[in-house]
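I have placed the structure first, in the form of structure tokens, so that the comments after it can refer back to it.
The values are calculated or read from the model by the stated rules, or taken from the named source; none is laboratory data. All figures in this text were calculated on a predicted structure; none of them were measured in a lab. Positions of Cβ are generated from backbone atoms using ideal geometry, with glycine treated the same way; all protein chains shown enter the neighbour counts.
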Amino acid sequence: MNTSVMPQTIISTRLAKNFRRNIMERMIEFALLCSAAFAVFVTCAIVYVLVSEAIPFFQHVSIYDFLTDTVWTPNYSIKHYGIMALISGTLTTTFIALIVAVPLGTITAIYLSEFASHKVRETAKPILELLVGVPTVVFGYFALMLVTPLLQKIYPDLPLFNMLGAGIVMGIMIVPYIASLAEDSMRAVPMAMREGAYAMGATRFQTAIRVITPAAISGIIAAYILAISRAVGETMIVAIAAGQQPTFTFNPIEGAATITSYIVSVALGDLEHGGIGYQSIFAAGLTLLIMTLLLNILGHMIRKKYRERY
Amino acid sequence: MVMHKNKHNETIKAEAKNLNFFYADGTQALKGVTLPIYENKITALIGPSGCGKSTFLRSFNRMHDLYPGNKYEGEIILYPDNTNILSKKVDPIEVRMRISMVFQKPNPFPKSIFENVAYGLRVRGESNKRVLDDKVEEALKGASLWNEVKDRLEDLAFNLSGGQQQRLCIARALATDPEIMLFDEPTSALDPIATMNIEELMSELKKKLSILIVTHNMQQAARISDYTAYMYLGELVEHDDTNKIFTNPSKKETEDYITGKFG
Ligand SMILES: Nc1ncnc2c1ncn2[C@@H]1O[C@H](COP(=O)(O)OP(=O)(O)OP(=O)(O)O)[C@@H](O)[C@H]1O
Ligand SMILES: [Mg+2]
């Protein structure tokens, strides 16, 4: 068809339609931009508050002392602000949690994705995801009242407040995150890959371990990273079950405070607003933010390296 | 031992006997198909889309077992041992150890070139480095890929071109010395040169084993196959020497399809 013979009126209605469609597009685009900008704004606001409250803190305590001192005693007469005493607690509980959650979560994911029948999967996954909705306070008391007493049966010298019980329960709490995300990424591996493995005479187990897991590795690693972030940021379980005594130790049978449990204990107490003790929670919060940020960057890098290509 | 032969004194390697197949949703995709596969010959399956070619091919390595609810009726007998490979008593893994498959889209594993080819051997419990090295080299040579990849065996298989990936999949299927190789439109995703490579390869391969290939490309069937089977709506319409099918088919439907008058 030749446009030049088209009556003028048709062209103009078409243009009008285009114009209207363009306005709609613009409006939608704007709405999307606004919500994205809002998320960025909130993040910036958080960083701003943390940094602006942490600056006066670092005028009292040098960054060097903050990072190298291993004693954290803001409430004593001789005050020490060595963040390592809190980081050690965070790292130890996180590590225990991962020892529990990585194998359990990965095995659950492999089972659900490669072995379970459709019916089992459709029942098990929602139940598993329900576990995500359990308030962490409940997990905290679960650690204190059930897991620690059980551990004390095996090891009677275990104190009531200890990182082991807290870490184990934290691990149980993050199993569903790993299982669910890892399962999603294994499910996403195309059927052609599975058929290829089975056609070679592989068993289900060989297919799952040697083909599907490596194919889904970037998603599985992403799940681990999320689990680590979740564990590093977890507050209530450690606050309840690990005691709140800042101690520089990596020994799981001792009690200790983590960055988060320190923040919550100070926030719940009655420290004067604007005092150095009050400011210290912002320094601690900033440390936590940086740790999580580093984890995210690491996760991003790993994901880029092992990007799925099937 | 009783050998199963045809009038040209060719040995039957496998034979589908009155094969019916039902998908889980009740679709009957194969209706009483009886078809022999001759040893050291290429048998091509042709027919319009949806006529059941892939379904038939995939019955030979029990691929349908991967999906619950699929049902076979009838037999596929593998010679010389007279095993009905569809029997419930036969482990599908045993079948796949003897009959390997190359898919329409190259589907290398997320591993190195070497490990892709070694996969079948590892699955069979082989871990001797010397044996693996030899077998991988032999298979890659068999798939005419050796010269292109011999210096980069540790590279990820995904870094190969589409045609190379398909030849890698052939090498992978070849490494375990299968008795029959199944090809489901192996060249439909490839350019003419890569297609030609693979066609030449198949003519070479049939010296060692038997081949069943599904193809949409009539010229391809005519070029490479010894026997051609024409399927329509789940039934086998005609099966004969490729020459005969393409020059003087006995059924009108076959002729219509081959000459493009169909549908
Ligand atoms: N998973 C399935 N469930 C139900 N029906 C199916 C399934 N796969 C295939 N079918 C049906 O079975 C019939 C045969 O399909 P098949 O894939 O064997 O055809 P084909 O000859 O290989 O076609 P094409 O040339 O397009 O690959 C078709 O009618 C198809 O719709
Ligand atoms: Mg097909």
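Under the condition of being aromatic (Phe, Trp, Tyr) and buried (at least 16 other Cβ atoms within 10 Å of the Cβ), which residue from segment A:59-100 is nearest to A:Gly233 (Cα to Cα)?
Filtering segment A:59-100 for residues aromatic (Phe, Trp, Tyr) gives A:64, A:66, A:72, A:76, A:81, A:95.
Subsequent filtering for residues that are buried (at least 16 other Cβ atoms within 10 Å of the Cβ) retains A:66, A:72, A:81, A:95.
On the way: A:Phe66: 20, A:Trp72: 19, A:Tyr81: 20, A:Phe95: 13 Å.
This residue is A:Phe95.
Among the residues of segment A:161-193, what is the count of those that are over 30 Å from A:Thr247 (Cβ atoms), in a helix (DSSP H, G or I) and not acidic (Asp, Glu)?
First pass over segment A:161-193, keeping only residues over 30 Å from A:Thr247 (Cβ atoms): A:176, A:179-193.
Within this subset, residues satisfying the condition of being in a helix (DSSP H, G or I) are A:176, A:179-187, A:191-193.
Pick out the ones that are also not acidic (Asp, Glu) and you get A:176, A:179-182, A:185-187, A:191-193.
Summing the residues that are over 30 Å from A:Thr247 (Cβ atoms), in a helix (DSSP H, G or I) and not acidic (Asp, Glu) in segment A:161-193 gives 11.
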### Task
May I ask you to say which residue of B:Phe56, B:Phe114 is more than 16 Å from ligand 2 (Cβ to nearest atom), at pLDDT 95 or above and of a type in the set (A, V, I, L, M, F, W, C)?
B:Phe114
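Suppose the filter is at negative phi, more than 16 Å from ligand 1 (Cβ to nearest atom) and assigned to a loop (DSSP other than H, G, I, E, B); does B:Asp134 pass it?
Details: at negative phi: yes; more than 16 Å from ligand 1 (Cβ to nearest atom): yes; assigned to a loop (DSSP other than H, G, I, E, B): no.
When the stated conditions are applied, B:Asp134 does not pass them.
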### Query
Got a number for residues in segment A:186-206 being more than 8 Å from chain B (Cβ to nearest Cβ) and either buried (at least 22 other Cβ atoms within 10 Å of the Cβ) or of a type in the set (A, V, I, L, M, F, W, C) (or both)?
5
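Where in segment A:201-276 are there helices (runs of 4 or more DSSP H), lying wholly inside it, with at least 3 residues that are of a type outside the set (A, V, I, L, M, F, W, C)? Outline the logic, then answer.
On the way: elements: A:204-207, A:217-233, A:236-241, A:259-268.
Where helices (runs of 4 or more DSSP H) fall fully within segment A:201-276 and carry at least 3 residues being of a type outside the set (A, V, I, L, M, F, W, C), they are A:204-207, A:217-233, A:259-268.
Would you check which residues across segment B:67-99 are within 16 Å of ligand 2 (Cβ to nearest atom) and either more than 30 Å from B:Met218 (Cβ to Cβ) or more than 14 Å from chain A (Cβ to nearest Cβ) (or both) and list them?
Keep residues of segment B:67-99 that are within 16 Å of ligand 2 (Cβ to nearest atom), which gives B:67, B:70.
Hit for segment B:67-99 is B:Tyr67, nothing else.
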## Note on the structure
Per the list (1) more than 30 Å from A:Phe142 (Cβ to Cβ); (2) in a loop (DSSP other than H, G, I, E, B), residue check on A:Ile302 breaks on (2)
#### Entry: Complete set of residues in segment B:117-157 that are touching a Phe, Trp or Tyr at 6+ places or on another chain (Cβ under 8 Å) and within 12 Å of another protein chain (Cβ to nearest Cβ)
B:Tyr119, B:Ala157
### Message
Kindly evaluate A:Val232 against the criterion of being within 19 Å of A:Ala85 (Cβ to Cβ), of a type in the set (Val, Ile, Thr), surrounded by fewer than 22 Cβ atoms within 10 Å (Cβ to Cβ) and modelled with pLDDT of 90 or more.
### Response
yes
### Query
Can you name the residue in segment A:161-185 that is farther than 17 Å from A:Tyr111 by Cα and not aliphatic (A, V, I, L, M) and, of all such residues, is surrounded by the fewest Cβ atoms within 10 Å (Cβ to Cβ)?
A:Phe161
### Task
Kindly indicate which of B:Gly26, B:Gly47 is surrounded by fewer than 13 Cβ atoms within 10 Å (Cβ to Cβ) and within 16 Å of ligand 1 (Cβ to nearest atom).
B:Gly26
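Matching residues to (1) within 16 Å of ligand 2 (Cβ to nearest atom); (2) touching a Lys or Arg at 6+ places or on another chain (Cβ under 8 Å); (3) at pLDDT 90 or above:
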| residue | (1), (2), (3) |
| --- | --- |
| B:Ala157 | no, yes, yes |
| B:Arg167 | no, no, yes |
| B:Phe183 | yes, no, yes |
| B:Pro192 | no, no, no |
| B:Gln220 | yes, no, yes |
### Query
How do the pairs read when you match residues in segment A:8-37 that are of a type in the set (Val, Ile, Thr) with residues anywhere that are at pLDDT below 80 and assigned to a helix (DSSP H, G or I), using Cβ under 9 Å and keeping only pairs 6 or more apart or on different chains?
A:Ile11/A:Thr3
### Query
If you scan segment B:158-174, which residues turn out to be farther than 27 Å from B:Arg98 by Cα and within 11 Å of chain A (Cβ to nearest Cβ)?
B:Asn159
### Query
Would segment A:142-154 turn up any residue that is under 15 Å from A:Ala256 (Cβ atoms) and within 22 Å of the chain's Cα centre (by Cα)?
yes
### Query
Regarding A:Asn296, is this residue farther than 30 Å from A:Tyr111 by Cβ and among the polar types (S, T, N, Q)?
no
#### Entry: Matching residues in segment B:14-34 - criterion: being closer than 20 Å to B:Glu185 by Cβ and either within 16 Å of ligand 2 (Cβ to nearest atom) or of a type in the set (Ser, Thr, Tyr) (or both)
B:Phe21, B:Tyr23, B:Ala29, B:Leu30, B:Val33
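Could you pull out the residue among B:Pro106, B:Pro110 that is buried (at least 17 other Cβ atoms within 10 Å of the Cβ), more than 8 Å from chain A (Cβ to nearest Cβ), in contact with a helix residue (DSSP H, G or I) (Cβ under 7 Å, 6 or more places away or on another chain) and outside any helix (DSSP H, G or I)? Lay out the reasoning, then the answer.
On the way: B:Pro110 fails: more than 8 Å from chain A (Cβ to nearest Cβ).
So the residue among B:Pro106, B:Pro110 that is buried (at least 17 other Cβ atoms within 10 Å of the Cβ), more than 8 Å from chain A (Cβ to nearest Cβ), in contact with a helix residue (DSSP H, G or I) (Cβ under 7 Å, 6 or more places away or on another chain) and outside any helix (DSSP H, G or I) is B:Pro106.
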